[in-house]
Each structure stands twice: as C-alpha cells, then as structure tokens.
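The values are calculated or read from the model by the stated rules, or taken from the named source; none is laboratory data. Treat the numbers as computed from the prediction; the structure is a model and nothing was measured. Cβ atoms come from the backbone with ideal geometry, glycine included; neighbour counts cover every protein chain shown. All accessible areas refer to the heavy atoms of the entire protein, side chains included, with ligands and DNA or RNA removed. Shrake-Rupley method; radii C 1.70, N 1.55, O 1.52, S 1.80 Å.
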Amino acid sequence: DAGVIQSPRHEVTEMGQEVTLRCKPISGHDYLFWYRQTMMRGLELLIYFNNNVPIDDSGMPEDRFSAKMPNASFSTLKIQPSEPRDSAVYFCASSFRGQGPYEQYFGPGTRLTVT
Amino acid sequence: AQTVTQSQPEMSVQEAETVTLSCTYDTSESDYYLFWYKQPPSRQMILVIRQEAYKQQNATENRFSVNFQKAAKSFSLKISDSQLGDAAMYFCAYRSAKLTGGGNKLTFGTGTQLKVEL
C-alpha cells in the first residue's frame with residue numbers, strides 16, 4: 001500500500017522562477033493538506049482540501065502561492081515567482097474522514113532551495 | 001486559537017533507558033485529538049501515537065506511552081527501553097474534533113530533538 005507520494009524530493013531554483021510541487025495522496029483519502037517546515041516558523045499548515053475542494057487557505061503566505069486539486073489523486077502547490085525566503089521543506093499529507101481521529105499521513109517532503 | 005508548547009528543545013537518553021518528552025497545549029475546546037510525530041534525519045513525519053481527549057485511558061504503542069492530563073492540558077510522551085533508532089525530532093500536535101471552520105488542521109509544537117547515547 002503506497003503512502004503519500006511527493007515529487008520532486010529536492011528542487012533548487014533561482015529567484016523569480018516558477019516552482020511546482022506535486023502530491024499524490026493515499027488512495028481513498030478525502031482530505032489533503034500542504035504544510036511548510038522552516039527553522040524559523042516550524043511546521044505550519046498552508047492549505048487543505050476536502051473532496052478536492054479548498055477548505056482553508058488562510059495559511060497561504062501570499063498571492064505568489066497557489067494550490068490546486070484537479071482530482072482525488074493529485075494536487076499541486078505552485079510558487080510564482082519564487083523568492084529565497086520560500087526555501088523550506090514542503091510536506092503533503094492526507095487523511096480519511098472515516099477513520100476516527102483522522103490521522104494525517106505525511107509524504108517524504110520536498111526540500112526547496114531558492115537561490 | 002490553539003497553541004502547542006514543547007519546552008525542551010533537546011533531550012538525551014542512554015540506550016535502554018527511559019525518557020519523557022513534555023508537551024502542553026492551550027485550547028478552549030473539550031473534544032480534540034493529540035498526536036506525537038517522529039521526524040528522523042530522513043525528514044519523513046511518522047505518527048508515533050495518538051490520544052482522544054474523551055478517553056481517560058492513556059494510549060500505549062509498544063515502547064511508547066503517553067501521560068495525558070486533560071485538566072492540566074499536558075500530554076507527555078514516554079519512551080521505554082530507548083533504542084538508537086529512536087533518535088529523532090519529536091513533535092507534539094493538536095487537532096480539533098471539529099471538521100468545520102478549519103478544525104481539521106494539525107497545530108504543531110516546536111519539537112524536541114532526542115539523542116540516544118550508547
């Protein structure tokens with residue numbers, strides 16, 4: 001049973017470039033989350049979806065960030081244009097409402113470096 | 001808004017010994033869930049243990065157990081018979097039982113780095 005899949009695992013880009021991070025949730029899960037981890041701010045939620053619909057995007061830092069979930073098995077987080085302060089590890093997680101505490105299962109993360 | 005506090009940035013334990021990691025949280029809600037996640041150097045976030053606030057019994061998972069004190073808003077993690085593979089960053093996390101109003105998100109503490117020494 002495959003877990004949450006994220007790609008790429010590492011991304012290095014120059015300031016001003018567009019960056020797209022990808023996520024495939026666990027099959028059957030109806031919630032998908034995007035988190036960002038930095039030394040300064042720790043782990044913070046950016047946005048989450050339920051049944052492909054964005055529910056809470058209050059954590060998205062600014063208009064340069066956008067996220068989509070065109071279907072139940074795929075989501076993207078896009079940064080355009082990227083800035084050095086966007087350097088972080090970005091995690092995707094998914095959960096299933098039918099399971100009590102609805103544990104969130106995390107992907108391996110994408111380490112983004114913007115130079 | 002809920003907050004989660006981990007006051008121990010680093011902890012050390014000898015192999016085979018027991019260690020307790022502290023976590024406190026602040027909430028006005030009565031129904032919620034608490035979690036401990038482990039993040040080894042691979043950076044993968046791994047769920048260690050969970051606790052439902054309505055359950056008085058402390059959760060246990062093999063060598064891992066919690067001491068949940070609802071009135072004190074405390075949720076500590078005890079690792080028994082520590083192993084080298086337990087070395088990692090440990091995060092305490094809170095989630096509301098509500099599924100509306102953004103209640104489904106995890107709020108994390110700042111983490112405790114656990115070192116296991118021979």
Which of the lysines could a cross-linker span from A:Lys24 if the Cα-Cα distance has to be under 17 Å and same-chain partners fewer than 8 positions apart are dropped?
A:Lys68, A:Lys78
The longest stretch of chain B containing none of the GluC sites (Glu not before Pro) that sit in a DSSP loop with at most 13 other Cβ atoms within 10 Å is B:30-118
Rolling a 1.4 angstrom probe over the protein heavy atoms, how many square angstrom per residue are accessible across segment A:34-80?
53
Counting only protein heavy atoms and a 1.4 Å probe, tell me what percentage of segment A:43-115's accessible area is made up of carbon and sulfur.
49
For the pair A and B, total buried accessible area rounded to nearest 100 Å², probe 1.4 Å:
1900
Subtract the Cα-Cα distance of B:Gln83 and B:Asp26 from 0.36 nm times their separation in residues, and report this length gain in nm to one decimal.
17.4 nm
Where chymotrypsin sites (Phe, Trp or Tyr not before Pro) fall in DSSP loop in segment B:1-104, at most 12 other Cβ within 10 Å:
B:Tyr54
Of all accessible surface on chain B at a 1.4 Å probe, what whole percent is carbon and sulfur?
46
FRET efficiency, 1/(1 + (r/R0)^6) with R0 35 Å, evaluated for B:Phe64 and A:Val53 via beta carbons
0.50
Under the rule a/c < 1.5 gives rounded, and otherwise a/b versus b/c splits prolate from oblate, where does chain B land using the Cα gyration tensor?
prolate
Just how large is the dipole of segment A:5-115 about the Cα centre, in debye to the nearest 20, putting +1 at every Lys and Arg Cβ and -1 at every Asp and Glu Cβ?
280
State log₁₀ I(q)/I(0) for chain A at q = 0.16, 0.19 Å⁻¹ as given by the Debye formula over alpha-carbon point scatterers of equal weight, solvent excluded.
-0.67, -0.95
Choose one answer from A:Val12, A:Val89, A:Val53: the residue with the largest mean-square fluctuation in a GNM of chain A with alpha-carbon springs under 10 Å.
A:Val12
At 1.4 Å probe size, put B:Ile49, A:Ile5 in order of accessible surface, largest to smallest.
A:Ile5, B:Ile49
Check each of the GluC sites (Glu not before Pro) in segment A:26-115 and keep only those in coil by DSSP with at most 13 other C-beta atoms within 10 angstrom; list them in order.
A:Glu62
With both bridge residues required to lie in chain A, what share of the DSSP beta bridges run antiparallel, to the nearest 5%?
90
Longest site-free stretch - chain A; sites: trypsin sites (Lys or Arg not before Pro), DSSP loop, at most 16 other Cβ within 10 Å
A:65-96
